[in-house]
1. Run the simple label-point estimate for residue 313 and residue 201 please: 7 Å along Cα→C-beta, distance reported in nm.
2. Given the options 273, 106, 291, identify the residue whose Cα lies farthest towards the positive end of the charge dipole of the chain (+1 on Cβ of Lys, Arg; -1 on Cβ of Asp, Glu).
3. Where Lys and Arg each count +1 and Asp and Glu each count -1, what net charge lies around residue 84 among other residues with Cβ under 11 Å from its Cβ?
4. Could you tell me whether the chain comes out rounded, prolate or oblate from its Cα gyration tensor? Rule is a ≥ b ≥ c as square roots of the eigenvalues, rounded for a/c under 1.5, then prolate if a/b exceeds b/c, otherwise oblate.
5. What nm distance separates the two modelled labels at residue 23 and residue 179, each placed 7 Å from Cα along Cα→Cβ?
6. Relative contact order (percent) for the chain, with alpha-carbon contacts under 8 angstrom and 6 or more residues of separation?
7. Tell me which chymotrypsin sites (Phe, Trp or Tyr not before Pro) from the range 67-146 have a DSSP coil assignment and no more than 12 other beta carbons within 10 Å of their own.
8. Might you report the magnitude of the Cβ-based charge dipole of the range 39-98 about its Cα centre, with Lys and Arg at +1 and Asp and Glu at -1, to the nearest 20 debye?
Amino acid sequence: MDFIFSAPTRLPLAIFISTEPGKRSQLVLIVAAMALIALVLGVTLPSRLKILEVLNDLAHAPALGAFALIVLRLVRLWRPTDKLGGYGIAFLAAVGVGALIEVVQSFIDRDASLGDLETDALGAACVLGFVAAFDRRLWSAAPRATGRIACATLAILCGLWALLPLGQAAVAYLDRARAFPVVAQFATSCDLYFFSSGTARLSLQPLPDRWAQPGDALSLRVELLANTLWPGASHDEPQPDWRGFSTLLLDVTNPTETPLDLGVRVHDLTHNQDYNDRFTRAFELAPSSRAVLRIPIKDIVAGPVDRLLDLAHIAGIVVFKLTPAASDGERFYLSRIWLE
């Protein structure tokens, strides 16, 4: 065996082999716990797609659940007579480590999130609840069935709660696919799943009576924030394949008494964030008017200066005020975006 292991690896291996079996098990568990922490801190999926962002966050639940299980096992090794106390220690340890991970992430170019901490707690509670439901040490007394059912129910509820963001993402993707070639509509709050803005307040509102038409659903009210650059709203992940269509249309209303200069931007998956590497077109909306903006798809394809925009991988649409900044009270309504 000497030829397999180099000198630097033989020493820790020899220490491990010579260690008593009980302590060896503890060492393995501690190393496994540290590996889980390193995994959460060091491994992330690309977050370009919303679903991958959701899966990144959801991964905290099984990781911290496994960590809680390891801590419970260590407590049982250190305190063989322990029954219930180990569960509390394991849960608090998992939540504490989850909080520490969020603090560390804030220093390594990743966002700290209370939502991730909630997922950590749910993952730990789910795993510990299932383990408790089948733990013979806890249910040697009379109320065995009731206690087990309570623990299993708690575990299931925590698991479903942790999975809720994944369910919301699945519904949003399904609705997006069903509605296509309608790229965006605003009937319910679910329709805002792929929309974001750091420069405007977005809300679902009916169009004012002056511009409303029979059959209108709700519209996206985009209230531009003063002293922000290029304020507007972004569709961060439209249905990506626009091949076979000839026109992009946007139903927009300017409710103010002044003209509104709007820009419409479309970019694909390989966009490099350079102005010349996307499609952008300017429109002027007359005061107190509702209009359908029409953009030929062939113009979108020709938008980038040095290449053709990839219609099979559309990655975003932005509707924004073309002049650099907004003044108080500026707003517009976006009722629908679709392809023909």
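1. About 3.9 nm, to one decimal.
2. The residue sitting most towards the positive pole is 106.
3. 0
4. Values: a/c = 3.12, a/b = 2.09, b/c = 1.49.
Here the chain falls in the prolate category.
5. 6.3
6. On the way: 581 pairs, mean separation 52.5, N = 340.
For the chain, the relative contact order is 15 percent.
7. 107, 134
8. Numbers: 6 positive and 3 negative charges, 35 e Å.
It works out to roughly 160 debye.
Any read-out appearing in this document is the output of simple, stated calculations on the displayed coordinates, not a laboratory observation. Since the model is a prediction, treat every value here as computed from it, not as a measurement. In this analysis, Cβ positions are derived from the backbone assuming ideal geometry, glycine residues included, and neighbour counts consider all displayed protein chains.
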